[in-house]
Amino acid sequence: MRYWDEHMECMDRNTLQEIQLKRLVETVKRVYTSVPYYRRKMQELGIIPEDIKSLDDLKKLPFTTKQDLRDNYPYGLFAVPLSEIVRIHASSGTTGKPTVVGYTKHDIGIWSEVMARTLVAAGADKHSFVQIAYGYGLFTGGLGVHYGAERIGASVIPISSGNTRRQIQIMVDFGTTVLACTPSYALYLAETMEEMGIDKSQLKLKSGVFGAEPWSENMRKEIESKLNIKAYDIYGLSEIIGPGVSFECEYQCGMHINEDHFLPEIINPETGEVLGEGEYGELVFTTITKEGLPLIRYRTRDITALHYDRCKCGRTLVRMEKVIGRTDDMIIIRGVNVFPSQIESVLLEMGEVEPHYQLIVDRVNNLDVLEVLVEVSERMFSDEVKKLEQLEKKITKAIEETLGISVKVRLVEPKTIERSEGKAKRVIDKRKI
Ligand code: DLL
């Protein structure tokens, strides 16, 4: 079995809960005294830190949203003097100002630990060569993986994203064994490798840690076969720490949440009510060890479900399912909730198209229309028009059956949909509502 911190990762749940409660109580006291925003919010709800006596009392606490972070831009929610902050990251939102997050030295230590757990679960060790093709900079992907890989003593190749051909040459020459990047970039790398005439047998790659955007099981298969690796899903968000919030083990039956640091809940996004095990809803986190920017019940907008039964790997840490979408990248077409990942699954199951697609939503005569642009493979593209028409019909039917709404599918030439080096942009919403 591969663990980085067997003691914490496989702890008996009662003991874990005792630790969680102790840390939660300390965190609530700390934000109450050091963050005026939280004191005010708790006062509004008529609660004081002493009201938190059990983990169940978590639900008494106020939620925090991305908007709250924006309203307190840039440092308003930090809980320590700025002189204690040793690192700042930021995530760009689709609108408005970025969300700014700060770490103390201690926070960086926690981040390195949770990333070490993540990498070891994906088969990495001190002998690994970890090529970090997540962006370095304000984005947390690059440096987050970097510190974890150094912590386990691996050899880090800090190449950052972009410069795809050079990236591949380095992968071959330096004997990279673990690749870290977004799943969409992993596919782009595989595609470019083919163009360069480099065969996967020339690589020493064994595994990849992919995250920062939703991806389907079919996309996993695609990446695994094109790069001849085992592909692991890793999840995180800047507000909570960056990558390292949760990770897959070798059984890949959900991502283990590092819940000795981040307490998860699933809520109904409309009512805020806490949902039970296995129910789908919005994931909410309370950080219970972070110093710089502790967050109480932070609403991630990610949709998933939690499972508490013991995993075959021996870890007792709760598992979250693959994120099926966000409450806000969810598109609503004629009243029906649609997640890009649903369409991706349908496309990849067909096998005749490439995993590159884009959804264009528009409103014509007051009616929402969804157009799905799908890239066909070179092989398919050289076929007769009749065959392409048949394929278009087949895809349309399959998507319509899955979503229950009508869609317009348009096949496009190979390599016409813009590739991304980071998070892929899947949806273009042209509606003016
Ligand atoms: O994307 C942190 C990260 C970097 C995670 C590298 C994994 C690997 P943000 O830029 O703040 O942070 O974006 C966070 O990305 O709320 C999810 O919607 C989405 N996301 C992250 N990981 C996954 C994943 C980083 N494995 C937002 N599956 C989150 C699905 C993911 N969505």
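The values are calculated or read from the model by the stated rules, or taken from the named source; none is laboratory data. This structure is a prediction, so every number in the text was calculated from the model and none was measured. Cβ atoms come from the backbone with ideal geometry, glycine included; neighbour counts cover every protein chain shown.
Summary of values
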item: Residue within segment 159-179 that is within 16 Å of the ligand (Cβ to nearest atom), under 19 Å from Val209 (Cα atoms) and exposed (fewer than 13 other Cβ atoms within 10 Å of the Cβ) present; result: yes
item: Test: residue in segment 150-164 that is on the phi > 0 side of the Ramachandran plot and modelled with pLDDT under 95; result: yes
item: Candidate set: segment 284-315, residues that are more than 16 Å from the ligand (Cβ to nearest atom) and buried (at least 24 other Cβ atoms within 10 Å of the Cβ); chosen: the one farthest from Val274 (Cα to Cα); result: Pro294
item: Meets criteria (in a strand (DSSP E or B), closer than 24 Å to Tyr38 by Cα, over 14 Å from the mean Cα position of the chain (by Cα) and within 15 Å of the ligand (Cβ to nearest atom)) for Pro264; result: yes
item: Considering residues of segment 185-216 that are in contact with a Ser or Thr (Cβ under 7 Å, 6 or more places away or on another chain) and in a helix (DSSP H, G or I) only, the residue farthest from Arg165 (Cα to Cα); result: Tyr185
item: Whichever residue in segment 230-256 is part of a strand (DSSP E or B) and among the aliphatic types (A, V, I, L, M) and, among such residues, is surrounded by the fewest Cβ atoms within 10 Å (Cβ to Cβ); result: Leu237
item: Residues of segment 240-260 satisfying the condition of being of a type outside the set (Gly, Ala, Ser), closer than 16 Å to Ser112 by Cα and either touching a strand residue (DSSP E or B) at 6+ places or on another chain (Cβ under 6 Å) or more than 15 Å from the ligand (Cβ to nearest atom) (or both); result: Ile240, Pro243, Val245, Phe247, Ile257, Glu259, Asp260
item: Of all residues making up segment 46-77, the number that are part of a helix (DSSP H, G or I) and more than 23 Å from the chain's Cα centre (by Cα); result: 10
item: From Glu217, Glu279, residue being within 29 Å of Ile343 (Cβ to Cβ) and at pLDDT below 95; result: Glu217
item: Residue in segment 326-346 that is over 30 Å from Asn366 (Cβ atoms), buried (at least 19 other Cβ atoms within 10 Å of the Cβ), within 11 Å of the ligand (Cβ to nearest atom) and in contact (Cβ under 8 Å) with a residue 24 or more places away in the chain present; result: no
item: Every pair of residues 6+ apart whose Cβ atoms lie under 7 Å, when the first sits in segment 263-274 and is in contact (Cβ under 8 Å) with a residue 40 or more places away in the chain while the second is among the polar types (S, T, N, Q); result: Leu263/Gln20; Leu263/Thr286; Pro269/Thr327
item: Selection from segment 189-215 of residues that are out of contact with any Pro (no Cβ under 9 Å at 6 or more places or on another chain) and within 16 Å of the ligand (Cβ to nearest atom); result: Leu189, Ser207
item: Residues that are within 23 Å of Ile288 (Cβ to Cβ), within 13 Å of the ligand (Cβ to nearest atom) and small (Gly, Ala, Ser), drawn from segment 114-146; result: Gly144
item: Verdict on Ile47 being surrounded by 18 or more Cβ atoms within 10 Å (Cβ to Cβ), under 21 Å from Val274 (Cβ atoms), out of contact with any strand residue (DSSP E or B) (no Cβ under 6 Å at 6 or more places or on another chain) and not small (Gly, Ala, Ser); result: no
item: Pair list, Cβ < 8 Å and 6+ apart or interchain, from segment 239-256 residues that are more than 16 Å from Glu213 (Cβ to Cβ) and of a type in the set (D, E, K, R) to residues that are more than 12 Å from the ligand (Cβ to nearest atom) and modelled with pLDDT under 95; result: Glu250/Arg2
